[in-house]
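The structure appears right after this line, and notes come after that.
The values are calculated or read from the model by the stated rules, or taken from the named source; none is laboratory data. Values in this document were obtained by computation on a predicted structure and should not be read as measured data. Don't worry about glycine lacking a Cβ; one is built from the backbone with ideal geometry, like all the others, and counts go over all protein chains shown. Note: accessible area is taken over every heavy atom of the protein model, side chains too, but ligands, DNA and RNA are not part of it. Shrake-Rupley method; radii C 1.70, N 1.55, O 1.52, S 1.80 Å.
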Amino acid sequence: MTTDRPRAHPPETTEGWYALHQVFAWDGPALGAMLKAPGIDVLDSAERLLTELAAPSSGGWTAVVPLIGSSADVMLVHFRPTLDDIGEAQRLVNAAMPFNIARKAYTFLSVTEAGLYHASAQLAAAAETRGGAVGDEAYRAAMDERVAQERDSAHVKRRLFPQQPPDMPYVCFYPMSKRRNAGQNWYALSLEERSRLMSAHGATGRGYAGKVVQVITGAIGFDVWEWGVTLFAGDPLMFKKLVTDMRFDEVSAEYAEFGEFFVGKTATPGEWLRSVR
Ligand code: 76R
């Protein structure tokens, strides 16, 4: 089938650490009972495992986020250099007490991503001007250079290899996608239009500099949702303020679909395990 509409090109993206969000729930008093059972040092072994995962030799980190107001109990957020390292973290957690008796309430696999909308739109326009095409040799060479520059910059490093700010213990995680409805299809918009919308999105977001740190992870090809949004804040009300502002920001207002929200407060493994009754 042919169409008159020019092909909408994806933006160039550059990726960093893989991410896995694991949400566990224990039915009834099973978790407390296991932690208190005489003779087995579940608390000690779980604390040792989670402490190891917090700073693994592979690089990356794992945060323990006891959930607040959720039907589940705890979320583990793993960042690792490779998908295999994520698989290893998952294997260790799932096999260990008390996670081996938990229900996996939710899990989300993704990879940190920086979308280079501006560079993509610029280089696509340049290609057109010189009579070339997106993806041709000259485009690729210029893009590779831009990607390398971006990966060297402090702000892209922060997005690809995120660290949790020590003064931002509250965490909010949700998956989202962009709409593909007739007449309202993100994936059919021109790159220029998407670049314009994302630049306005960035401007809205920057109003929260110093109050919220966001980690955007791409999940296309990994999950039914397209992105994971992981927010950190010192004041949990900032989640409501920022997400509200985003709802009114053009790109979210027109194109965003959201999944379930998980909110909690980071704890050390020992703090979490000792708080379980
Ligand atoms: O111009 C720019 O610098 C834009 C930088 C930027 C990109 C590319 C940016 C900035 N984001 C980008 C990409 Mn974001 N972001 C979200 C959400 O709840 C909602 O409505 C949306 C969830 C929040 C709260 C948020 C916050 N962002 C993305 C993408 C990929 C989209 C794609 O490729 O099509 C998604 C899904 C997404 C979603 N974003 C910022 C923020 C904040 C606070 C900023 C500014 C801070 C900063 O520049 O680091």
* To do: Would you please list the contacts, defined by Cβ atoms under 8 Å and residues six or more apart or on different chains, that run from a residue in segment 180-201 that is more than 10 Å from the ligand (Cβ to nearest atom) to a residue that is of a type in the set (Asp, Glu)?
  => Gln184/Glu254
* Asked: Which residues, taken from segment 243-268, are over 18 Å from Val65 (Cβ atoms), touching a strand residue (DSSP E or B) at 6+ places or on another chain (Cβ under 6 Å) and open to solvent by less than 20 Å² (accessible area, probe 1.4 Å)?
  -> Ala256
* Asked: Which one of the conditions (1) closer than 17 Å to Glu113 by Cβ; (2) of a type outside the set (A, V, I, L, M); (3) open to solvent by 40 Å² or more (accessible area, probe 1.4 Å) does Gly210 fail to meet, given that it meets all the rest?
  -> (1)
* Asked: In segment 159-178, is there at least one residue being away from the ligand (no atom under 12 Å from the Cβ), without any contact (Cβ under 8 Å) to a residue 24 or more places away in the chain and farther than 25 Å from Asp235 by Cβ?
  -> no
* Asked: Which of the residues spanning segment 66-84 are within 21 Å of Ala102 (Cα to Cα) and either touching a Cys at 6+ places or on another chain (Cβ under 7 Å) or not in a strand (DSSP E or B) (or both)?
  -> Ile68, Gly69, Ser70, Ser71, Ala72, Asp73
* For segment 94-113, which residues satisfy the criterion of being surrounded by 21 or more Cβ atoms within 10 Å (Cβ to Cβ) and more than 24 Å from the chain's Cα centre (by Cα)? -> Pro98
* Structure fact -> Scanning segment 212-269 for residues that are small (Gly, Ala, Ser) and either at pLDDT below 95 or within 12 Å of the chain's Cα centre (by Cα) (or both) gives Gly218, Ala219, Gly228
* Asked: Does Ile68 count as surrounded by fewer than 19 Cβ atoms within 10 Å (Cβ to Cβ), of a type outside the set (Gly, Ala, Ser) and within 20 Å of Lys265 (Cβ to Cβ)?
  -> yes
